[in-house]
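The values are calculated or read from the model by the stated rules, or taken from the named source; none is laboratory data. Here the structure is a predicted model, which means the values were calculated and not measured. For accessibility, only protein heavy atoms count, side chains too; no ligands or nucleic acids. Shrake-Rupley method; radii C 1.70, N 1.55, O 1.52, S 1.80 Å.
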Amino acid sequence: MQPLGLVVDGRVVGRGGVARMLHVVCKGRAWPLAWQVRKGQKGHFPEDLHIALVTHVYNLIPPEGAVVLLGEGEFDGTRRQQTVQA
């Protein structure tokens, strides 16, 4: 079975909102799988919100599934990395 490719990114949405999105990569495209939206400016999301998003998506993946996760520079916290490794 081929590993499932996931990509995490952030973007500005609406007026005064930011979104953290987790996409599944399929046939050269990134399809939104899960996201969080909150008020604020573009910038770093708190580590707890990253962990909640990854944990939510983890529960959607079959136990035998292999995953490759690509995150931007914001995705570098030690607790985030421990969550992904677990």
Cα-Cα pairs in the stretch 16-86 separated by more than 20 Å, as a whole percent of all pairs, come to 30 percent
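If you roll a 1.4 angstrom probe over the protein chains with everything in place, what fraction of the accessible area of the stretch 22-72 belongs to carbon and sulfur, to the nearest %?
Accessible surface attributable to carbon and sulfur in the stretch 22-72 totals 61 percent.
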Under the helix-only model (-39500 (n - 2.57) for each DSSP H run of 4 or more, divided by the residues of the chain), the mean residue ellipticity at 222 nm, to 500 deg cm²/dmol, is -7000 deg cm²/dmol
